[in-house]
Each structure stands twice: as C-alpha cells, then as structure tokens.
Amino acid sequence: MKNSHIHSNEVSGNVINSASGVNKVRAELSTPYYMDKFHKQYHSAVSEKRNKRLSIKQFPEGFTAFSEKSPDDTNTDFGDAWMYNSGKSLGVCNEIYAHPELEELSLEHSSHRRNRLRRTQKLWADLFQHDEDLMYSSDQYSLVSRLSHNVSVISTLEARDEIYFPMAFLKGNRALGGAYTYLWQAATPEQSKVQRAPIADKPIKEFHTGGCLFGSTLYGVDQQGERHPLTNPHHQIPEGRIVESIYCPYDSHPDELLTRQSLINLVPMMKALSHEQAIKLRYHLPLANYIIYGLNWYFKGQLTYESLLQYIDLVKERAGDHLTFLAGFEREHGITVLTSNTIESLALVETPTHQLLTSLLNKIGVEQRDCQTLSQEEITAYRAKVSEAMWTFLANQPVAESDLWYEVRTKVNEGQLKIDLGDLLSINYMDYSANLAMSVVQHGDREVMSLLPTHESPVMHWYKRALAEEYGAALCMQWLVPIKVHMSDFRDRLFFTEDYLSQIEDVMSNNLVAKNFLQTASIALDSPELADVMAEQIHSGFIMHEQSIQWEEEKTQAVMGAVADIFILNTEEAEIT
C-alpha cells in the first residue's frame, strides 16, 4: 500500500462538532460487525529458540501489540484486552463509558486521577485557548483533539499523572496522522505557576527529539560463544566472560523503522505549532553515546581492545545510515535538523577509530592501562577514574555547554543530586537531558518543545530536576508509540526485542505505523469512516502475513515429510538386501 493511499483520508463536513459529543466512532467500534471482523488475534512464526509462536493483536485506538503463545495454540480469540507500554498497564482512565477494546483502569486512586485529568485539561486549554474540544490551526495545518470527558483518554496504573489525549494532525480536511499525547511542563513549581503565552501568539521555535541505534542486536561474543547485547544498558556480562568479537546479524532493527516513521508522523504537528515558519529540530543521534557504551564494557575488562575497535566501526556505520535518512527528511519537509550534542569536545566521533582510546585518555589526563591485566578491584577504580575525569573535562571547556556539566557536577558533589560520577553511563544520561537544555537556553519562555515518546520520559524528568531551575522550563509533548511488545524478558519494548525481528519488520513494512497513527486520528475526529478504512487496511496486511507464514510452514512440513519417506524407503531397501 502506497503512502498516497494512506494519506488520502478526507474528513467530510466539520472536522469537529462539540455539540455532538464523540459517540459515533465509539458506537462503530462496538458493533457486532466490527467486533466479529476485527476483534481477533493473528499468528506469525514459531521461534525454535523460544519454543513460542508470535501473535498479533490490533487495538482500534491505534496500537498493534506483539506477544507470544504456545506453538500449537491456534485460538484466534482476542482474549486479554490489557495493553502494556514498557511494562506499564495502559487503559481508559475516564472510567465513565464502557469501552470495546482497552480495559478500564481500576477505580483505585480515581480521585487523584480525576484531579490530574483536570490539571492536564487546563494546561491544554491555556496553551491553545480552547475549553473542551481543541481545533488549533495554522495556515494549512490543524490539530484536533477532545478535552472533554467523553474522549477515550488513556493512562496507566503505574504512572497515573500521565494523561494521554488522542490528537489528529490534518492538512486542510485531510488527516495525515495522529498520536495519543500527554502535555506537561519540565519546570520547577514556581515556573509552572507562570502561564505561558498561547501558541497562537507565541509559536514553538525549536523541537527536541531523538532516536536509538541497533535495538539490542549488536552483540559481543565471549570466549564460550555466548552472545551479549552490548547496547542494552540493563544487560550484565557474567564475571570472567570477555567479549572477543562483535556480531551484528541485522542491517536494521524494527525499532529504528518505528523511530523514522514516527518522526514523519510528527511533521504536521511541528508545522502547526511553529506557525509553519522556519522549523528547527534538535535530533539527538546517539553516536558518541553508543561509543561510550563500548568504552564502558572495555573499561570493565569485558571487551578486548580489538573488539572495541570493531564495535566502534559498526556504530559509526549505522549512525551514518541514520544521518542519510535525516538529510532526506530535512530536504523533503523543509525542517532544519541539528544533530549536535553536549559531549562533542571529547571528539569521540571525528577521531579515527584506532586513535580514539589513546586520544581520549590523553585529553582527560588519564594514563592508559591494559584492562585485561588488572584485578577486579583495580578495574573498578580505573573505570571510575576515567569517568570522573571525563566529567571534569566536560565541565571545564571553553564552550557554552560546559556550564551545564559544571553546574550538575557541582550539585552532585554538594549532595543536591544523586548520580554516580564514577559510572561512565552517567555521561550518557546527562547528555540526553543537557541536549534539551541547549535548545531551551537559545530561546524565550517555553518556546522549545520536547517530542519524545513515553519510554524516554526520564530524559525530561532529569532535565526538570537538574537543569530547569537554571535554564528555564520546557514544554513536553509525550506520545505513545503505536507498536507494543508484550514480552517481559524483552522489557515489553521493541528496542529490547531480539527475536521475531524479520516477522515484526514484515508486518510493519506495509506502513503499519502510519496506519496506526491514523486510527488514533479517527478517535480524535470521531470518524467511523476513517476508523473502518484503517482497520480494513491493517487487518488485510495481518491476513497476508499470516497466510505467508502458514504457507512457509506447510512447505517446510512437506519437505520434511518427503525426506522422512525417503529415509524409510532406504531403510526398508537396506533390510531387504
């Protein structure tokens, strides 16, 4: 299906009618026809490694969930209607109307949730000057959402303060995309009390977002042949194991595809909020940060020097692919993309790979030692020394971003913030939020908006705690990713998924992400017509995928049966002779 088909979704008549409520799409999703046709799960391939089969569910709010079941389970019932976001249970939080798909959240803490809902509605209303329903327009682009209690508002059991409203992005009367969005401010309590000028009077001048590389499929292979996902910050390599080679079996990861398609989806929103003026997008491309991941393993004594060089070369190559995409994105959409970060003075990116380690240690004033020859105690002390020296170096450079590092380092040393300066990965955590600060400091009051997905919210919360007081408040528009993974050992996130990748990418390759976002738009627009069109296209893709998997399995079984027959025949002939 081509993009032109997806994006030809005209919304007839008034795109929003406050008097009518939002009952049409809700009624459509509850009809026996819709439930019988679309309220089912689909089956994908079996993982021999996990002895499980991948299954697929589709939620009409605009989410596709991948989970597992036993290989022989062919039940197509939808079953459990809960959905998860990085391990958190998503559900409808208004607790007023019955809902056909997502489970109602528990009434526990409902008073808190209602208060938070009203506070979130007020922020939306103040910013866009609409009391209940939102229709904000620039010259060509519009944003439509429902701020009344009738909407299918999503929250979580574990993070009740996050209230997500469905929003549609339009150009004229054509729906281009949408998302479930949560608006808040990364600000001190005093800053939050000061009302920002409405978007109509003061547009957003710079947006801040970012993406990841590889997913968790850049592996280090140890001396026993076991693979370790080196870009997974939660993974621990067992003591005594040393990575001796690097292995990357995939040219791309579905999480990277999700990031790119999600960024394209956000373009109409950026156009509207910026009044279609010159748009700047500060995109955090974590090339230097991924090099630090590799250095962290090296300074733990769990990555050989040769493997470190191989790892860095692969990271640079994959980052180059992302830069190529961003250059094309910039040309196509007329958005200036900035990929700078606050650790550039370490020169991790531009230094040739074979010189990088020596250059870095000379720069920060730390002697070079062979980590393979050190005791565990010596390794721990050496790694802490390197990390603290990097913090000191970053805090004392004649560049603007050094002030950020100096102030946070001072707060840590004075006990105002808790972060281990001896942990190399603390540099990455700081850089993610400091990158947002570099945007904020260049503009006026809340003229910068962070556009990160929900699972990246720690970036904004760390900014709020560590940097907002000195550098100012930032508007944050969190959004829910439409692709969900319900597998706890992959931390319920696509990024950490290491299996079923070709099947997930095949399902996503038919513009699934864009169609999911348009489903969310159908909720915001109360458009059963758009909901039906998107459901038909999405489920047709699932049926094709399921049929292709079945055909491959039948073909494999036929080949195995033929081989077995030949074996039996040869055995019988041998017995006769």
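The values are calculated or read from the model by the stated rules, or taken from the named source; none is laboratory data. Everything quoted here is computed from the prediction, not taken from an experiment. Ideal geometry is used to build each Cβ from the backbone, glycine not excepted, and the neighbour counts take in all protein chains shown. SASA here: full protein model, heavy atoms, side chains in, ligands and nucleic acids out. Shrake-Rupley method; radii C 1.70, N 1.55, O 1.52, S 1.80 Å.
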Counting only helices (runs of 4 or more DSSP H) wholly inside the range 310-425, the ones holding at least 3 residues that are in contact (Cβ under 8 Å) with a residue 12 or more places away in the chain and under 24 Å from Tyr463 (Cα atoms) are 376-394, 402-413
Across the range 415-440, the tally of residues that are among the β-branched types (Val, Ile, Thr) and closer than 13 Å to Tyr293 by Cα stands at 1
Considering the range 358-388, residues that are surrounded by 17 or more Cβ atoms within 10 Å (Cβ to Cβ) and either farther than 21 Å from Arg409 by Cα or small (Gly, Ala, Ser) (or both), and then whichever is nearest to the chain's Cα centre (by Cα), we arrive at Ser387
Taking the range 528-545 and keeping only residues that are in contact with a Ser or Thr (Cβ under 7 Å, 6 or more places away or on another chain) and either modelled with pLDDT under 95 or under 25 Å from Arg26 (Cβ atoms) (or both), one is left with Leu530, Ala531, Met534
For the range 55-78, pairs from a residue that is under 17 Å from Ser30 (Cα atoms) to a residue that is open to solvent by 20 Å² or more (accessible area, probe 1.4 Å) and charged (D, E, K, R), with Cβ under 7 Å and 6 or more apart or across chains, are Phe78/Lys40; Phe78/Lys57
Subset of the range 208-241, residues open to solvent by 10 Å² or more (accessible area, probe 1.4 Å) and among the charged types (D, E, K, R), comes to Glu226, Arg227, Glu239, Arg241
Over the range 269-282, the set of residues open to solvent by 10 Å² or more (accessible area, probe 1.4 Å) and not polar (S, T, N, Q) is Lys271, His275, Glu276, Ala278, Lys280, Arg282
If we ask which residues in the range 484-535 are in a helix (DSSP H, G or I) and not small (Gly, Ala, Ser), their number turns out to be 28
Going through (1) over 14 Å from the mean Cα position of the chain (by Cα); (2) assigned to a loop (DSSP other than H, G, I, E, B) one by one, Val481 fails only at (1)
Counting only residues in the range 140-153 that are more than 24 Å from the chain's Cα centre (by Cα) and modelled with pLDDT of 90 or more, the one most open to solvent (accessible area, probe 1.4 Å) is identified as Gln140
Legend entry - Any chance Asp423 is surrounded by fewer than 20 Cβ atoms within 10 Å (Cβ to Cβ) and within 30 Å of Pro203 (Cβ to Cβ): no
Note: among Glu456, Glu447, Glu505, just one is touching a Ser or Thr at 6+ places or on another chain (Cβ under 8 Å) and either open to solvent by 10 Å² or more (accessible area, probe 1.4 Å) or of a type in the set (S, T, N, Q) (or both), namely Glu505
Scanning the range 53-82 residue by residue, those touching a Ser or Thr at 6+ places or on another chain (Cβ under 7 Å) and more than 19 Å from Ser488 (Cβ to Cβ) turn out to be Gln58, Glu61, Gly62
(1) in a loop (DSSP other than H, G, I, E, B); (2) open to solvent by 50 Å² or more (accessible area, probe 1.4 Å) all hold for Glu244 apart from (1)
Ser262 meets each of (1) small (Gly, Ala, Ser); (2) open to solvent by less than 10 Å² (accessible area, probe 1.4 Å); (3) modelled with pLDDT under 95 with one exception, condition (3)
Residues of the range 390-408 being open to solvent by 30 Å² or more (accessible area, probe 1.4 Å) and within 12 Å of Asp431 (Cα to Cα), in sequence order, are Glu401
Considering residues that are assigned to a helix (DSSP H, G or I) and surrounded by 19 or more Cβ atoms within 10 Å (Cβ to Cβ), the number found within the range 292-308 is 10
| Quick check: anything in the range 154-174 among the charged types (D, E, K, R), modelled with pLDDT of 85 or more and either closer than 23 Å to Pro482 by Cα or touching a Gly at 6+ places or on another chain (Cβ under 9 Å) (or both)? | yes
Condition set of a type in the set (Asp, Glu) and closer than 30 Å to Arg174 by Cα, scope the range 513-565, selection surrounded by the most Cβ atoms within 10 Å (Cβ to Cβ): answer is Asp526
Taking first residues from the range 252-273 that are in a helix (DSSP H, G or I) and second residues anywhere that are open to solvent by 40 Å² or more (accessible area, probe 1.4 Å) and not hydrophobic (A, V, I, L, M, F, W, C), the pairs with Cβ under 6 Å that are 6 or more apart or on different chains are Pro254/Glu505
How many residues of the range 29-62 are open to solvent by 60 Å² or more (accessible area, probe 1.4 Å), in a strand (DSSP E or B) and within 30 Å of Pro166 (Cα to Cα)? The answer is 1
